[in-house]
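Undergrad: One structure, as structure tokens, below. Some questions next.
The values are calculated or read from the model by the stated rules, or taken from the named source; none is laboratory data. Since we're looking at a predicted model, the values are computed, not measured. A quick note on method: Cβ atoms are made from the backbone with ideal geometry, for glycine too, and the neighbour counts reach across all protein chains shown. SASA here: full protein model, heavy atoms, side chains in, ligands and nucleic acids out. Shrake-Rupley method; radii C 1.70, N 1.55, O 1.52, S 1.80 Å.
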Amino acid sequence: MPQKGNSGPFEFVDVTAQRQIDVAVRRHGIDTIYHLAAILSAVAEEKPHVAWNVNMGGLYRTLEVARANRCAVFVPSSIGAFGPSTPREETPQDTVQRPTTMYGVTKAAGELLCDYYHTRFEVDTRGVRYPGLISHVALPGGGTTDYAVEIFYEAIKHGHFTCYLKPDTRLDMMYMPDAVKAALDLMEADPDRLVHRNAFNVTAMNFTPEEAAEAIRRHLPEFRIEYKVDPVRQRIADSWPYSISDAAAREEWGWSPDYDLESMTEEMLRSLRRKLSVEEAGG
Ligand code: AKB
């Protein structure tokens, strides 16, 4: 039996934090929670216990608040929820999920917990399996796909980038405006059309570091890339799909991305030139 003061299956759950979320939901009349907080793959391999606590404890707290307040909840999963035994080309929506990273374990477990809360407690939980996300606003934070953001910064600042993944490491990616669009479109979708909930495969493009460098050179011809492989992040990337199928998301809620590698590259370079020149000018 859980000891007094425990919060069910996650005795480490910080009840104070849960109460703070609950107060915010009630005070602001929140009807939908977008629960985006998580420790990403590379940091999660360095600190697996912290990653479990943050990723699963935070999710459990959020689901409990949603259950008590009848909120809908968006919880992102990831291509990291798949593992080396998953079909790696055009990975299907429903397939083997045996991730070999703590991040992947928390994402796969999170998908199951969200489906449980929908089935058992009628909480409106929905999620997508995001690929690597690329933004000119938020700096990357501890992921395996972070190179796809860093490469743009380095291309503008130094004309050169040292990549920690091998040149032919193919991964699915998405520009941040499409990632936001996917979350909002899914949460506004007709629930009667949803066959799946947690979580939908979504993607916009897939590329290798070499292909990203070629796309940048079409705008910055002098750009150079070299490789200094990080074995930990290479092992993580090698356990993930080359490409995933987002057919279910397209069929059930009309998913369709706006950006591909070329249009994302053009906008990233234009936006970062502006951002970095402002920072340089002390703005
Ligand atoms: C990571 O690299 O860990 C994340 C992800 C693919 O979920 N960006």
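Undergrad: Among the listed residues VAL43, VAL50, VAL137, which satisfies the condition of being under 16 Å from the mean Cα position of the chain (by Cα) and open to solvent by 60 Å² or more (accessible area, probe 1.4 Å)? It would help to see each step written out before you state the result.
TA: Numbers: VAL43 fails: open to solvent by 60 Å² or more (accessible area, probe 1.4 Å); VAL50 fails: under 16 Å from the mean Cα position of the chain (by Cα).
Result: VAL137 is the single residue among VAL43, VAL50, VAL137 that is under 16 Å from the mean Cα position of the chain (by Cα) and open to solvent by 60 Å² or more (accessible area, probe 1.4 Å).
Undergrad: Anything in segment 146-174 that is open to solvent by less than 40 Å² (accessible area, probe 1.4 Å) and either modelled with pLDDT under 95 or closer than 14 Å to LYS228 by Cα (or both)? List them, or say none. It would help to see each step written out before you state the result.
TA: Taking segment 146-174 and keeping what is open to solvent by less than 40 Å² (accessible area, probe 1.4 Å), we get 146-149, 151-153, 155, 159, 161, 163-165, 169, 171-174.
Of everything in segment 146-174, those that are open to solvent by less than 40 Å² (accessible area, probe 1.4 Å) and either modelled with pLDDT under 95 or closer than 14 Å to LYS228 by Cα (or both) turn out to be TYR147, ILE151, PHE161, CYS163, TYR164, LEU165, THR169.
Undergrad: Keeping to segment 65-99, report how many residues are β-branched (Val, Ile, Thr) and out of contact with any strand residue (DSSP E or B) (no Cβ under 8 Å at 6 or more places or on another chain).
TA: Counting residues in segment 65-99 that are β-branched (Val, Ile, Thr) and out of contact with any strand residue (DSSP E or B) (no Cβ under 8 Å at 6 or more places or on another chain) gives 3.
Undergrad: If you don't mind, another one. Taking the residues in segment 62-87 that are away from the ligand (no atom under 15 Å from the Cβ), open to solvent by 10 Å² or more (accessible area, probe 1.4 Å) and not in a helix (DSSP H, G or I) as candidates, determine which candidate is nearest to TYR103 (Cα to Cα).
TA: PRO84
Undergrad: Looking only at segment 251-258, decide whether some residue is in contact (Cβ under 8 Å) with a residue 12 or more places away in the chain, part of a loop (DSSP other than H, G, I, E, B) and surrounded by 13 or more Cβ atoms within 10 Å (Cβ to Cβ). So that I can check it myself, show each step before the final result.
TA: In the first step, residues of segment 251-258 are kept if they are in contact (Cβ under 8 Å) with a residue 12 or more places away in the chain; the result is 252-255, 257-258.
Next cut, part of a loop (DSSP other than H, G, I, E, B) only: 254-255, 257-258.
Remaining after also requiring surrounded by 13 or more Cβ atoms within 10 Å (Cβ to Cβ): 255, 257.
So far as segment 251-258 goes, yes, one or more of its residues are in contact (Cβ under 8 Å) with a residue 12 or more places away in the chain, part of a loop (DSSP other than H, G, I, E, B) and surrounded by 13 or more Cβ atoms within 10 Å (Cβ to Cβ).
Undergrad: Checking the structure you have, find out if any residue of segment 185-197 is open to solvent by less than 10 Å² (accessible area, probe 1.4 Å) and within 25 Å of HIS118 (Cβ to Cβ).
TA: Quick first cut of segment 185-197, residues open to solvent by less than 10 Å² (accessible area, probe 1.4 Å) only: 186.
Of the ones still in play, those that are also within 25 Å of HIS118 (Cβ to Cβ) are 186.
Yes, that holds for at least one residue.
Undergrad: Same structure again: Go through segment 125-147 and report how many residues are in contact with a Gly (Cβ under 9 Å, 6 or more places away or on another chain), aliphatic (A, V, I, L, M) and more than 9 Å from the ligand (Cβ to nearest atom).
TA: Qualifying residue count for the region: 0.
Undergrad: Can you name the residue in segment 95-107 that is assigned to a helix (DSSP H, G or I) and buried (at least 24 other Cβ atoms within 10 Å of the Cβ) and is also nearest to the ligand (Cβ to nearest atom) among such residues? Lay out the reasoning, then the answer.
TA: Taking segment 95-107 and keeping what is assigned to a helix (DSSP H, G or I), we get 102-107.
Narrowing further to those that are buried (at least 24 other Cβ atoms within 10 Å of the Cβ): 103-104, 106-107.
Details: TYR103: 6, GLY104: 9, THR106: 11, LYS107: 7 Å.
That would be TYR103.
Undergrad: Does GLY110 qualify as being within 16 Å of the ligand (Cβ to nearest atom), modelled with pLDDT of 95 or more and either over 15 Å from the mean Cα position of the chain (by Cα) or in a helix (DSSP H, G or I) (or both)?
TA: On the way: within 16 Å of the ligand (Cβ to nearest atom): yes; modelled with pLDDT of 95 or more: yes; either over 15 Å from the mean Cα position of the chain (by Cα) or in a helix (DSSP H, G or I) (or both): yes.
Yes.
Undergrad: Sticking with this one: What helices (runs of 4 or more DSSP H) lie completely within segment 134-223 and have 3 or more residues being more than 30 Å from CYS71 (Cα to Cα)?
TA: Values: elements: 147-157, 176-187, 209-217.
The helices (runs of 4 or more DSSP H) meeting that bar are 147-157, 209-217.
Undergrad: Shifting gears a bit: Given the structure, is ASP115 assigned to a helix (DSSP H, G or I) and either buried (at least 16 other Cβ atoms within 10 Å of the Cβ) or at pLDDT 95 or above (or both)? First the steps, then the outcome.
TA: Numbers: assigned to a helix (DSSP H, G or I): yes; either buried (at least 16 other Cβ atoms within 10 Å of the Cβ) or at pLDDT 95 or above (or both): yes.
Judged against the criteria, ASP115 is a match.
Undergrad: Can I ask one more? Consider ALA204 carefully, then state whether it is farther than 21 Å from TYR103 by Cα, over 19 Å from the mean Cα position of the chain (by Cα) and within 16 Å of the ligand (Cβ to nearest atom).
TA: Working: farther than 21 Å from TYR103 by Cα: yes; over 19 Å from the mean Cα position of the chain (by Cα): no; within 16 Å of the ligand (Cβ to nearest atom): yes.
It is false that ALA204 is farther than 21 Å from TYR103 by Cα, over 19 Å from the mean Cα position of the chain (by Cα) and within 16 Å of the ligand (Cβ to nearest atom).
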